Amino acid sequence: MPSTKSLFRCTLTALCAAALCLTACSGERDYAAVMAVTGATPIALREQVPAGTSLEVSGLTKQVYRFDDDSLSALAGTYVRTREVSPEGEFLGTYRYSGISLVHLLEGIAPKNEEGAAFDRPLDMAVTFVSGSGSRVDFGYGELTMVDDADAPVLAYSRTELRPNKLKKGQVYDKNRHHGPLKGLRLICPSEPDTGRYLDDVVKIVLRRPSLPAGDIPAMQRGAKCSSNALTGIRDGKGAPMSLQGVARVSIDGWVRTGHGRGYKGISSAQGYSLAGLLKRNFPGAGAGSYFLFVACDGYRVLFSGREIFETGRGKRMMLIDRMDGTTPPGGLMLGPVDDYFVDRDVWGLSHIMLLEKI
């Protein structure tokens with residue numbers, strides 16, 4: 001004969017299933033039935049993009065892309081939980097969002113190079129998000145498309161407050177600062193320590209290349225064979241040799257390397273220097289608000305935000321690699337964002353790092 005605990009568990013499962021069916025079949029966001037069963041926050045349910053939601057993607061793209069609520073609903077959705085803290089360190093609450101990963105969105109957008117571009121891939125592009133009121137935040141293209149799913153920023157269209165389930169009778173929980181439905185699309189950045197690059201009511205995304213100050217950096221030479229054993233740092237158009245003195249040595253084992261274009265490349269070990277430490281040593285005063293263009297001796301280049309390098313977990317593991325699998329990499333020095341999903345931001349033959357105070 002089943003135990004009382006087993007019967008309770010079966011009854012709870014059946015009630016949850018019934019509540020889910022009731023909600024799904026009615027087409028309403030009726031969480032009350034689910035809350036009555038769980039006694040806490042509603043469980044995750046499929047959400048629809050609200051009617052009237054729209055988004056435009058333009059700039060260095062092969063066409064202007066316009067999405068309405070139907071086309072956004074057709075994209076793969078995701079759930080993300082956040083613990084939000086303001087840039088000033090104030091706790092803003094805990095939430096669960098329904099949304100669209102920027103990886104899913106941007107992989108369907110075809111970038112376009114301007115005539116005479118010094119590089120023929122979008123990895124040196126900036127991506128600017130613009131709100132209905134004109135506010136904006138900037139990212140590097142690679143930090144939206146090369147990261148893994150857990151770290152990818154999301155355009156959210158629905159938000160649910162997460163609340164504790166052990167409150168005493170009559171106790172009011174007032175730690176969540178955001179209430180009610182979202183206005184339009186909210187950009188959320190789950191891997192970042194605060195909401196500095198969150199943005200409400202996103203209506204436009206613009207791909208563009210930042211203007212570069214004067215500075216001697218290699219032009220793209222596809223297929224060129226070259227190597228680099230020293231770095232030049234460029235700030236305000238002035239170049240100078242970069243120093244490794246005092247920069248911490250770091251290493252990684254079991255690094256699974258796959259490329260976006262050519263697939264599996266190996267499982268490697270690597271040794272080198274902390275990238276964050278290298279940049280702090282050679283660009284005093286640069287930080288989360290800065291941007292860095294990394295350029296190889298053959299002109300291959302990628303743009304990174306200081307925010308990603310200095311304030312995310314994956315940024316703190318980024319390396320300047322000088323040894324891989326027991327030997328010097330073929331191009332000499334190598335940029336290693338080792339937590340990326342794809343290795344396309346690994347810059348072989350790294351020769352120049354340009355600081356951009358703004359893009």
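The values are calculated or read from the model by the stated rules, or taken from the named source; none is laboratory data. Everything numeric here is computed off the predicted structure, so don't read it as measured data. All Cβ positions, even for glycine, are placed from backbone atoms using ideal geometry, and neighbour counts span all protein chains on display. Protein only, heavy atoms only, side chains kept; ligands, DNA and RNA dropped before computing areas. Shrake-Rupley method; radii C 1.70, N 1.55, O 1.52, S 1.80 Å.
The table below gives the values:
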{"quantity": "Distance from the stretch 187-227 to the stretch 107-184 (C-alpha centre basis), Å", "calculated": "15"}
{"quantity": "Local electrostatic count, P87, Cβ distance below 12 Å [Lys/Arg +1, Asp/Glu -1]", "calculated": "-4"}
{"quantity": "Net charge, G134 excluded, C-beta distance under 11 Å - Lys, Arg +1, Asp, Glu -1", "calculated": "+1"}
{"quantity": "Accessible area of the chain belonging to carbon and sulfur atoms, whole % at 1.4 Å probe", "calculated": "52"}
{"quantity": "Cβ-Cβ FRET estimate between R249 and K169, R0 fixed at 56 Å, reported to 0.05", "calculated": "0.50"}
{"quantity": "Value of relative contact order over the stretch 48-162, rounded to a whole percent, pairs C-alpha under 8 Å and six or more apart", "calculated": "27"}
{"quantity": "For the stretch 157-293, the fraction of alpha-carbon pairs in successive 5 Å shells from zero, as %", "calculated": "2, 6, 9, 11, 13, 14, 14, 10, 8, 6, 4, 2, 1, 1, 0"}
{"quantity": "Total charge dipole magnitude, the chain, about the Cα centre, Cβ charges on Lys, Arg, Asp, Glu only, Debye to nearest 20", "calculated": "760"}
{"quantity": "Surface accessible to a 1.4 Å probe, per residue, for the residues of the stretch 260-359, Å²", "calculated": "35"}
{"quantity": "Most mobile listed residue (C226, C297, C189) in the chain, GNM with C-alpha springs under 10 Å", "calculated": "C226"}
{"quantity": "Kirkwood Rh, Cα atoms: Rg over Rh of the stretch 44-114", "calculated": "1.07"}
{"quantity": "At q = 0.21 Å⁻¹, base-10 log of I(q)/I(0) for the stretch 277-346 (Debye sum, equal scatterers on each alpha carbon)", "calculated": "-1.00"}
{"quantity": "Between the stretch 281-320 and the stretch 263-277, the Cα center-to-center distance that results, in Å", "calculated": "15"}
{"quantity": "Cα pair distances of the stretch 205-359 binned at 5 Å [whole percent]", "calculated": "2, 9, 18, 24, 23, 15, 7, 2, 0"}
{"quantity": "For the stretch 210-359, size of Cβ-based charge dipole, Lys and Arg +1, Asp and Glu -1, in debye", "calculated": "20"}
{"quantity": "Along principal axes, Cα extents of the chain, largest first, whole Å", "calculated": "71, 48, 40"}
{"quantity": "Rel. contact order, % - alpha carbon contacts under 8 angstrom, at least six apart, the chain", "calculated": "16"}
